[in-house]
Amino acid sequence: MSDKLIKSDAEWRAQLTPLQYNITRRRGTERAFTGAYLNPSEAGVYCCVCCGAELFTSAAHLDSETGWPCFRAPVDPQRIRTREDYSWFRQRLEASCAACDSHLGYVLDEDSQGAAPRYCINSTALTFRKRV
């Protein structure tokens with residue numbers, strides 16, 4: 001992994017929309033079923049909205065019915081940093097961009113059918129690049 005991208009709070013505020021800033025820099029969450037990437041229709045790669053790091057492919061997208069885009073696995077596990085989060089009176093595993101520390105969403109445990117953990121990510125924390 002290359003060096004971390006470090007910016008001041010003022011630089012992040014200038015670069016991001018207020019919603020992007022709230023989600024990625026203040027660990028917010030977009031409302032369920034409102035994200036732009038909930039139902040993808042094109043092949044491509046999902047990148048961090050803050051630094052542009054490639055994080056997930058459309059091939060890894062899952063229809064999880066959680067209300068947020070979910071993925072089986074990142075492009076490279078080293079591009080996602082996880083940490084335990086005890087906010088909202090429960091334990092969760094937060095997913096962040098390893099390159100810039102942007103909050104992305106959460107990693108959920110196996111579902112009732114035994115599927116592997118899922119990366120449930122805020123659409124607002126991502127940009128999408130179509131594959132040509």
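The table below lists the values:
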{"item": "Condition check for Val45: out of contact with any Leu (no Cβ under 6 Å at 6 or more places or on another chain), among the aliphatic types (A, V, I, L, M) and either over 20 Å from Trp12 (Cα atoms) or at pLDDT below 90 (or both)", "result": "yes"}
{"item": "Index of the failed condition, Phe33 passing every other in (1) of a type in the set (A, V, I, L, M, F, W, C); (2) buried (at least 18 other Cβ atoms within 10 Å of the Cβ); (3) in a loop (DSSP other than H, G, I, E, B)", "result": "(2)"}
{"item": "Condition check for Ser64: over 20 Å from Asp3 (Cα atoms), of a type outside the set (Phe, Trp, Tyr) and over 12 Å from the mean Cα position of the chain (by Cα)", "result": "yes"}
{"item": "Residue satisfying all of: in the stretch 44-94; assigned to a strand (DSSP E or B) and among the acidic types (Asp, Glu); most open to solvent (accessible area, probe 1.4 Å) among these", "result": "Glu84"}
{"item": "Given (1) open to solvent by less than 30 Å² (accessible area, probe 1.4 Å); (2) modelled with pLDDT of 95 or more; (3) under 15 Å from the mean Cα position of the chain (by Cα), index of the condition Gly28 fails", "result": "(2)"}
{"item": "Some residue of the stretch 94-104 being closer than 21 Å to Arg26 by Cβ and of a type in the set (D, E, K, R)", "result": "yes"}
{"item": "Residue count for the stretch 3-25, restricted to those that are in a loop (DSSP other than H, G, I, E, B) and open to solvent by less than 90 Å² (accessible area, probe 1.4 Å)", "result": "5"}
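The values are calculated or read from the model by the stated rules, or taken from the named source; none is laboratory data. As the structure is a computational prediction, the values presented were derived from the model and not from experiment. With ideal geometry, Cβ positions are generated from the backbone for all residues, glycine too; neighbour counts draw on all protein chains shown. In case anyone asks, the SASA skips ligands and DNA or RNA and just uses the protein heavy atoms, side chains included. Shrake-Rupley method; radii C 1.70, N 1.55, O 1.52, S 1.80 Å.
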